[in-house]
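A short write-up of the structure that comes next.
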Amino acid sequence: MTSLLSRRDTLIGLSAATLSAGAATAAPAGGAAVLLDRLAWQLLAAGPERATSLGVDVGVHADLRRRLEDRSPAGVAARRDLLTAALADLATLPRGGLDPSTATSIAVVESAFRTALEGMALPYGVATIGDWRNTPYAVVQNVGSWLDVPQMLDGDQPLRDKGDAEAYLARLSAMPAQLDGETIRIGQARSHGVVPPSFLLDKTIAGMTRTLAEAANVDGPLVGPLARKGGAIPGDWPAHAARIVRATIVPALDRQLAELRAQRAVATDAPGMNVRPDGPEWYAWGLRAGTTTRRSAADLHATGRERLVDLQAQMDVILRRAGLTQGTVAERAIAYQRRPGIGFPDGDEGRRRIVAYMQGRIDAIRPRLPRAFRRLAKGNLEIRRMPPAQEPGAPAAYGGPGTIDGRVPGKVWVNLGDPSIHNRVTIPDLVYHEGIPGHVWQGEYAQRLPLIRSILAFNAYSEGWALYAEQLADELGLYEGDPAGRLGYLMGLAWRAVRLVVDTGIHAMGWSRDRALAEFVAATGLPRSNAESEVDRYCAWPGQACGYEVGRAEIVAQRGRAQAMLGARYDLRDFDEAVVDGGNVPLTVLADIVAGYVASARGRPA
């Protein structure tokens with residue numbers, strides 16, 4: 001197999017021809033591959049941060065490392081035009097004789113682009129292209145340049161030489177325009193009658209105020225990464241960065257904060273899209289984008305309720321064996337987590353032990369992965385604390401792969417603002433989900449595909465695979481002799497099932513935040529502080545939370561069909577390989593990939 005590094009070099013070599021193709025339709029002979037490659041680089045030009053996260057902002061594309069996405073109304077219009085032209089070009093491609101991988105790539109691109117265009121036709125909000133963070137609010141507690149740029153600079157931006165340091169400063173210089181573009185859009189949304197709920201704005205204003213206070217500090221969110229990572233580069237780069245921050249970024253943050261305060265003055269505590277202008281239409285699209293299905297809110301709500309009954313019955317067995325027989329399942333799960341030896345100390349010592357425990361779970365699963373996959377990814381990752389300004393509005397953790405060439409490892413970003421949300425119950429399934437064999441692992445398989453497949457992702461597949469990864473950990477025996485970990489696994493599944501209930505309750509059924517919190521805690525037994533960040537996230541990203549259980553259930557259903565059809569020819573390693581090798585796809589395309597695996601396996605001797 002071609003190494004990841006040589007694949008990157010090949011992509012760079014192709015890029016000159018790609019750029020010269022301009023907007024012309026690709027030729028029929030080999031035209032699909034050429035067109036898909038051109039579209040990939042056009043997407044990266046529109047979102048240069050992604051080029052950095054993939055590590056392909058090098059060679060003739062090195063200028064991408066200096067730029068940021070245009071988040072102004074004009075930038076949104078340009079991306080809409082790009083997608084419209086791309087779909088027209090794809091429609092001219094001859095489809096006969098295409099190999100299955102190319103046919104899948106075309107189906108993936110068309111689905112992602114059409115879904116994004118549907119979202120961009122809505123009167124407000126953020127419709128991402130092949131991503132998971134669709135939101136009606138361009139700036140909120142977990143969305144916006146004020147969060148994205150510091151995290152990118154800390155996690156992905158390389159700092160090896162003078163050119164990298166100059167690129168870092170160039171990105172800082174580009175940040176005010178990105179902030180102002182967002183500020184224009186959220187002002188337009190306010191004029192349309194759309195502002196976030198008051199409790200989300202309170203978190204956003206508090207976080208941005210903290211960012212402003214620390215922005216120009218040498219250990220702050222914007223200068224600090226340069227000081228830490230670029231210390232060996234000759235020159236006083238942090239001082240240059242601080243001047244840029246004070247002169248341009250701080251005023252732009254002030255302007256955005258003023259708009260957020262204007263929003264707060266008219267905000268209410270109503271959490272759902274059902275009470276906002278064009279909200280039901282926005283939520284219907286959010287569900288389609290988040291699940292890659294057309295299932296209704298009522299159907300998803302009922303599915304979540306039914307799943308919770310089964311999971312709580314399994315949790316009850318573990319709790320009774322532990323001597324906890326009185327109270328609801330959630331109350332007993334909370335009591336279990338308060339037992340000696342389950343939690344970690346407060347403060348920095350607790351944070352250190354949490355990260356060490358997470359790393360231990362990753363180390364434990366690695367030797368067992370050959371039982372689930374024929375070809376192993378590297379699983380190149382590190383566990384990092386989230387930037388503190390992000391923690392109040394963030395989930396317990398999230399993760400993803402590193403650069404294609406492997407220089408920058410994948411990350412499991414862990415929220416350590418309140419260490420009490422992590423313990424020996426909640427950690428194992430979290431690291432399997434975010435790290436290995438979840439997001440980091442699956443992302444490395446996707447990076448072996450054509451470049452555009454590394455860019456585009458579908459929430460239901462991404463999160464469905466990560467939830468299925470938790471199931472694989474159970475099937476590989478990681479919870480044997482660990483009732484705390486197995487309880488956490490079941491709590492995690494209940495957590496994703498109740499998302500169907502709570503997300504639809506908030507946005508389609510008129511629930512209050514308090515009712516959503518009560519339902520979440522009653523279903524999962526997770527701490528209220530964890531519940532608050534979760535429920536607030538559902539308020540900010542309508543529909544996204546429904547993708548997890550929908551995706552997991554579809555992968556498991558496809559596995560069951562493959563087992564039934566293949567009998568003795570079925571092998572878990574081959575099924576899992578087919579799903580990850582097929583890449584990140586809509587669930588309808590996943591069914592086609594599994595059908596291809598079944599047909600291929602039938603041709604082998606039993």
Among residues of segment 278-293, those that are part of a loop (DSSP other than H, G, I, E, B) and on the phi < 0 side of the Ramachandran plot, counted = 1
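Let's see how each residue does on (1) under 29 Å from N142 (Cα atoms); (2) out of contact with any strand residue (DSSP E or B) (no Cβ under 6 Å at 6 or more places or on another chain); (3) open to solvent by less than 10 Å² (accessible area, probe 1.4 Å); (4) polar (S, T, N, Q):
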residue: A494; (1), (2), (3), (4): yes, yes, yes, no
residue: V501; (1), (2), (3), (4): yes, yes, yes, no
residue: S529; (1), (2), (3), (4): yes, yes, no, yes
residue: S533; (1), (2), (3), (4): yes, yes, no, yes
residue: W541; (1), (2), (3), (4): yes, no, no, no
residue: P586; (1), (2), (3), (4): yes, yes, yes, no
residue: G596; (1), (2), (3), (4): no, yes, no, no
residue: A599; (1), (2), (3), (4): no, yes, no, no
Filtering segment 134-184 for residues that are of a type in the set (D, E, K, R), over 22 Å from A74 (Cα atoms), modelled with pLDDT of 95 or more and not in a loop (DSSP other than H, G, I, E, B) leaves a count of 3
Every listed condition ((1) without any contact (Cβ under 8 Å) to a residue 40 or more places away in the chain; (2) outside any loop (DSSP other than H, G, I, E, B)) holds for L324 save (2)
Check whether at least one residue in segment 398-408 is open to solvent by 10 Å² or more (accessible area, probe 1.4 Å), β-branched (V, I, T), over 27 Å from G582 (Cα atoms) and modelled with pLDDT under 95, and report yes or no.
-> no
Kindly provide the set of residues from segment 387-400 that are under 14 Å from T211 (Cα atoms) and either in a loop (DSSP other than H, G, I, E, B) or in contact with a strand residue (DSSP E or B) (Cβ under 6 Å, 6 or more places away or on another chain) (or both), ordered by number.
-> P387, P388, A389, Q390
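Mind telling me which of the residues L456, L376 ends up being open to solvent by 10 Å² or more (accessible area, probe 1.4 Å) and on the phi < 0 side of the Ramachandran plot?
Values: L456 fails: open to solvent by 10 Å² or more (accessible area, probe 1.4 Å).
Exactly one of L456, L376 is open to solvent by 10 Å² or more (accessible area, probe 1.4 Å) and on the phi < 0 side of the Ramachandran plot, namely L376.
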Mind checking which residues of segment 29-63 are open to solvent by 20 Å² or more (accessible area, probe 1.4 Å), farther than 26 Å from P409 by Cα and assigned to a helix (DSSP H, G or I)?
-> A33, V34
With criteria (1) open to solvent by 30 Å² or more (accessible area, probe 1.4 Å); (2) under 30 Å from L169 (Cβ atoms), A88 comes up short on (2)
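Among the candidates Q151, Q157, Q178, single out the residue that is of a type outside the set (A, V, I, L, M), closer than 23 Å to P388 by Cβ and in contact with a Lys or Arg (Cβ under 6 Å, 6 or more places away or on another chain).
Working: Q151 fails: in contact with a Lys or Arg (Cβ under 6 Å, 6 or more places away or on another chain); Q157 fails: in contact with a Lys or Arg (Cβ under 6 Å, 6 or more places away or on another chain).
It is Q178.
Taking only segment 185-201 into account, find how many residues are part of a helix (DSSP H, G or I) and either out of contact with any Leu (no Cβ under 8 Å at 6 or more places or on another chain) or farther than 19 Å from V250 by Cα (or both).
In the first step, residues of segment 185-201 are kept if they are part of a helix (DSSP H, G or I); the result is 185-191, 198-201.
Keeping just the survivors that are either out of contact with any Leu (no Cβ under 8 Å at 6 or more places or on another chain) or farther than 19 Å from V250 by Cα (or both) gives 185, 187-191, 198-201.
The number of residues fulfilling the criteria is 10.
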Considering residues of segment 548-593 that are among the β-branched types (V, I, T) and within 17 Å of S105 (Cβ to Cβ) only, the residue farthest from the chain's Cα centre (by Cα) | I593
Can you name every residue in segment 215-250 that is open to solvent by 10 Å² or more (accessible area, probe 1.4 Å), under 15 Å from V149 (Cα atoms) and part of a loop (DSSP other than H, G, I, E, B)?
-> A216, P221
Is one or more of the residues making up segment 569-582 surrounded by 21 or more Cβ atoms within 10 Å (Cβ to Cβ), within 30 Å of L416 (Cα to Cα) and touching a residue at least 60 places away in the same chain (Cβ under 8 Å)?
-> no
Out of (1) assigned to a loop (DSSP other than H, G, I, E, B); (2) in contact with a helix residue (DSSP H, G or I) (Cβ under 9 Å, 6 or more places away or on another chain); (3) farther than 24 Å from W465 by Cβ; (4) open to solvent by 40 Å² or more (accessible area, probe 1.4 Å), the one P340 does not meet is (2)
Being in contact with an Asp or Glu (Cβ under 8 Å, 6 or more places away or on another chain), on the phi < 0 side of the Ramachandran plot and open to solvent by 50 Å² or more (accessible area, probe 1.4 Å) narrows it down to one of R71, R66, so name that one.
-> R66
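To keep it simple, each residue is scored yes or no on (1) buried (at least 23 other Cβ atoms within 10 Å of the Cβ); (2) within 30 Å of A45 (Cα to Cα); (3) free of Cβ contacts under 8 Å to residues at least 24 places away in the same chain.
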position	(1), (2), (3)
R368	no, no, no
I383	no, yes, no
H422	yes, no, no
R448	no, yes, no
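Considering each residue of segment 313-334, count those that are open to solvent by 40 Å² or more (accessible area, probe 1.4 Å) and of a type in the set (G, A, S), and give that number.
The number of residues fulfilling the criteria is 3.
Check whether at least one residue in segment 375-388 is farther than 27 Å from D148 by Cβ and within 22 Å of the chain's Cα centre (by Cα), and report yes or no.
no
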Given the conditions (1) within 28 Å of D131 (Cβ to Cβ); (2) touching a residue at least 24 places away in the same chain (Cβ under 8 Å); (3) of a type in the set (A, V, I, L, M, F, W, C), which single one is not true for A531?
-> (2)
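Going by what's in this entry, would V108 be described as part of a helix (DSSP H, G or I) and crowded, with 20+ Cβ neighbours inside 10 Å? Steps first, please.
On the way: part of a helix (DSSP H, G or I): yes; crowded, with 20+ Cβ neighbours inside 10 Å: yes.
Yes; evaluated as a whole, the condition is true for this residue.
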Those residues of segment 275-295 that are in contact with a helix residue (DSSP H, G or I) (Cβ under 9 Å, 6 or more places away or on another chain) and open to solvent by less than 60 Å² (accessible area, probe 1.4 Å) come to a total of 13
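Residues are listed down the side, and each one gets a yes or a no for (1) at pLDDT below 95; (2) more than 22 Å from V550 (Cβ to Cβ):
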| site | (1), (2) |
| --- | --- |
| G560 | no, no |
| M565 | no, yes |
| R573 | no, yes |
| A578 | no, no |
| G583 | yes, no |
| L590 | no, no |
| V594 | no, no |
| S600 | yes, yes |
| A606 | yes, yes |
Exception for T204 within (1) part of a loop (DSSP other than H, G, I, E, B); (2) surrounded by 21 or more Cβ atoms within 10 Å (Cβ to Cβ) falls at (1)
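The values are calculated or read from the model by the stated rules, or taken from the named source; none is laboratory data. The model shown is predicted, which means the values in this text are computed figures rather than measured ones. As a convention, Cβ positions derive from the backbone with ideal geometry for all residues, glycine included, and neighbour counts pool all protein chains shown. Ligands, DNA and RNA are excluded from the accessible area calculation, which covers all protein heavy atoms including side chains. Shrake-Rupley method; radii C 1.70, N 1.55, O 1.52, S 1.80 Å.
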